[in-house]
Amino acid sequence: MTGARLGLALSVAALAFPSAGFAQTATPVSAIGDDDGLKVGATLRVRYETIDGQVRPGFNASDDLLSTRTTLAATYDAKPIRFGVELFDSRAYLADAKSPVSANEVNTFELVQAYVAGDIDNALGAGTILTLQGGRFLLNLGSRRLVAADDYRNTTNSFTGARADIKARSLSATLIYVLPQVRLPDALPRVLDNAVAPDKESFDQVLWGGVLSGAKAVGTATAEVSFFHLGERDAPGRPTRNRSLNTITARLVRDPQPGALDYEVEGMYQFGHVRDGLAPTASLLEASATFVHAELGYGLPGSWKPHVSLEFDRASGDGPRGAYGRFDTLFGMRRADLAPAGIYNAVGRANIVTPGIRLEAAPGKRIDGMLTYRLMWLADRTDAFSTTGVRDPTGRSGSFAGQQVDARLRYWIAPGKLRFEIDGVWLAKGAFLRNAPNARRTGDTRYLSVNLSAML
């Protein structure tokens, strides 16, 4: 990381300090009247990112990006019916045609939520609560590894359809039938211009399924099972791989507590079919993929609330076997488990085997930090490593991708109103990321982002 870029990062943060005040909606909302049921909220996040030694082929070896995300949300509770709307405006600056930007960074003036919801008491028996929701909304389901409203990324995932939540004592269930929003514009010239275009949904892409969870199913641990089906087909001007993927998951999690062990184990099996390319004549392949996450942690004593955990993730890759084996994380998040998105976006839930250790601490109510170290291998040495696009179809470049150090520090300048965050990643490239045919000869990768978030 050059001194000039670090200086620019700190300057951006300093310039933003006087002008900012940050805080399902993704936007925190608060009441504006006495018992009138109306709540509104707004957020602004300003982020500067810089990267040296870009690992992904086809992009600038070094790059900078300044992005903004502004949200405005309102909810009205007319008991038992609720209404909600939320607007996202995500923009990016300093990018050029070789920058790793897309509709993941830019989605201007978009209504990501416009829904109606209501509760029905005792709908399925005494003590049960049925909540129904319809319209356009965000989703965070289960572990969020398959369906999530990504918060680190500059844009979010929005869906149009119906949702039902059922609560009965220690059991709860969520069922969905939704059409994922296609973020627009997605053509690079219009993304670079921060152009405005409404997102679209259609029955060319459908997601349905559900989650069932039981509290204290094994001691104090929560057990969870889920099933999701994603079906897609070509749309006019938008060829796809015609994915028809079924994903079954099972999860057991015990939440962290001071002075106690905690753990999480989740396994996923994915099957169905996917087309071998975007061409209509491409052959249809059987899909069979797996993912495993395991974590064992301990809350150490002390006022800093330190927590240490050992972690392991494995997502299958696609090998030369006549079937499709690369795990598809659908609409899942990546930051909480693996690494930042943004212009780094190199490590995700695909073709990876990675053990790691994580240390988290909160020295005070205003400050918290996280540091992780992980080793990374390819699950299948003939497939591209994770989400980098670096590949050796012969498998001769080996399977060791490298080591990653990931750190984050957050500080509330004004509690509940203004928060500063800095994220840094060092990727020490292993033999595969140095020697694969399309590997970048750019040295180790260094990434830094400086963020200022304000809530109103």
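Can you work out which of the residues in region 172-211 that are part of a strand (DSSP E or B) and among the hydroxyl-bearing types (Ser, Thr, Tyr) is nearest to TYR93 (Cα to Cα)?
Of everything passing the filter in region 172-211, TYR177 is nearest to TYR93 (Cα to Cα).
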| query | Quick check: is even one residue across region 102-114 in a strand (DSSP E or B), surrounded by 15 or more Cβ atoms within 10 Å (Cβ to Cβ) and modelled with pLDDT under 95? | reply | no
| said: Step by step: first the residues of region 74-88, then only those that are surrounded by fewer than 18 Cβ atoms within 10 Å (Cβ to Cβ) and of a type in the set (D, E, K, R), then the one that is farthest from the chain's Cα centre (by Cα). Which residue is that? | reply: LYS79
| message | So ARG381 passes all but one of these: (1) crowded, with 20+ Cβ neighbours inside 10 Å; (2) under 23 Å from SER62 (Cβ atoms); (3) more than 23 Å from the chain's Cα centre (by Cα); (4) charged (D, E, K, R). Which condition number does it fail? | response | (2)
| The one condition in (1) touching a Lys or Arg at 6+ places or on another chain (Cβ under 9 Å); (2) of a type in the set (Val, Ile, Thr); (3) within 20 Å of ASN140 (Cα to Cα) that VAL206 fails to fulfil | (1)
| query | Of the numbered conditions (1) surrounded by fewer than 16 Cβ atoms within 10 Å (Cβ to Cβ); (2) at pLDDT below 95; (3) of a type outside the set (A, V, I, L, M); (4) within 21 Å of ASP234 (Cβ to Cβ), PRO185 satisfies every one except a single condition; which is it? | reply | (1)
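Scanning region 385-403 for residues that are in contact with a strand residue (DSSP E or B) (Cβ under 6 Å, 6 or more places away or on another chain) and of a type in the set (Ser, Thr, Tyr), which turns out nearest to ALA346 (Cα to Cα)? Show your work before the answer.
Initial filter on region 385-403 (in contact with a strand residue (DSSP E or B) (Cβ under 6 Å, 6 or more places away or on another chain)): 385-386, 399-403.
Those left that are additionally of a type in the set (Ser, Thr, Tyr): 386, 399.
Working: SER386: 7, SER399: 16 Å.
Out of the qualifying residues, it is SER386.
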| Close pairs from region 328-339: first closer than 14 Å to GLY142 by Cα and among the β-branched types (Val, Ile, Thr), partner part of a loop (DSSP other than H, G, I, E, B) and modelled with pLDDT of 95 or more, Cβ under 6 Å, at least 6 apart | THR329/ARG349
| Applying the selection to region 117-167, what residues are within 29 Å of SER453 (Cβ to Cβ), among the polar types (S, T, N, Q) and in a loop (DSSP other than H, G, I, E, B)? | ASN140, SER143, ASN154, THR155, THR156, ASN157, SER158
| task | Please verify whether region 306-326 includes one or more residues that are closer than 20 Å to ARG254 by Cβ, of a type in the set (Gly, Ala, Ser) and under 25 Å from the mean Cα position of the chain (by Cα). | result | yes
| request: Kindly indicate whether any position in region 374-395 is part of a strand (DSSP E or B) and touching an Asp or Glu at 6+ places or on another chain (Cβ under 8 Å). | output: yes
| remark: Selection over region 332-368 where residues are within 25 Å of LYS417 (Cα to Cα) and of a type in the set (Phe, Trp, Tyr) yields a count of 0
| Regarding LEU207, is this residue surrounded by 15 or more Cβ atoms within 10 Å (Cβ to Cβ), under 20 Å from SER102 (Cα atoms) and either of a type outside the set (Phe, Trp, Tyr) or in contact with a helix residue (DSSP H, G or I) (Cβ under 8 Å, 6 or more places away or on another chain) (or both)? | no
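The values are calculated or read from the model by the stated rules, or taken from the named source; none is laboratory data. Just so you know, these numbers come straight off a predicted model, no measurement behind them. Virtual Cβ from ideal backbone geometry, glycine too; neighbours counted across all protein chains shown.
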